[in-house]
Amino acid sequence: MRKKNYFANQLQIKKSLRTEIYEFLKKEIKEEGIKKKSDEELSNLFNSKFDKKVSRKTIAKYRDELKIPSSIKRKWLMLLL
């Protein structure tokens, strides 16, 4: 495989994983009840559902990119409303 094709392939794989994580985060946070899930819990849940290894920091990074507050801030927002 040529080098150019290899890097294009890797970029496509990374993009698809990113979209998987985005969709997962949107769905899980939308379905949360009173108990808000931490980044660690979301990471463990993603790893078990999709059989892929994603760290807590990666979940936090993508959660921030989606402008979703942390579990503590989501809990406070829920209590204020």
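Values in this text are rule-based calculations from the coordinates and carry no lab data. Note that the structure is a prediction, hence the values are computed from the model and not measured. Ideal geometry is used to build each Cβ from the backbone, glycine not excepted, and the neighbour counts take in all protein chains shown.
Let me check I've understood the local charge: for LEU77, count other residues with C-beta under 12 angstrom from its C-beta, Lys and Arg +1, Asp and Glu -1. What total comes out?
+3
From the phi angles alone, apply the Karplus equation (6.51, -1.76, 1.60; θ = phi - 60°) to the stretch 25-35 and give each ³J(HN,Hα) in whole Hz, x where the residue is Gly or Pro.
These are the phi-based 3J(HN,Hα) values: 4, 4, 5, 5, 6, 5, 8, 5, x, 5, 7 Hz.
Calculate the FRET efficiency for LEU81 and GLU28 from the Cβ-Cβ distance with a Förster distance of 22 Å, rounded to the nearest 0.05.
0.65
Pulled fully out, how much extra length does the chain show between LYS73 and LEU17, if you take 0.36 nm times their separation in residues and subtract their Cα-Cα distance?
Gain on stretching LYS73 to LEU17: 17.5 nm.
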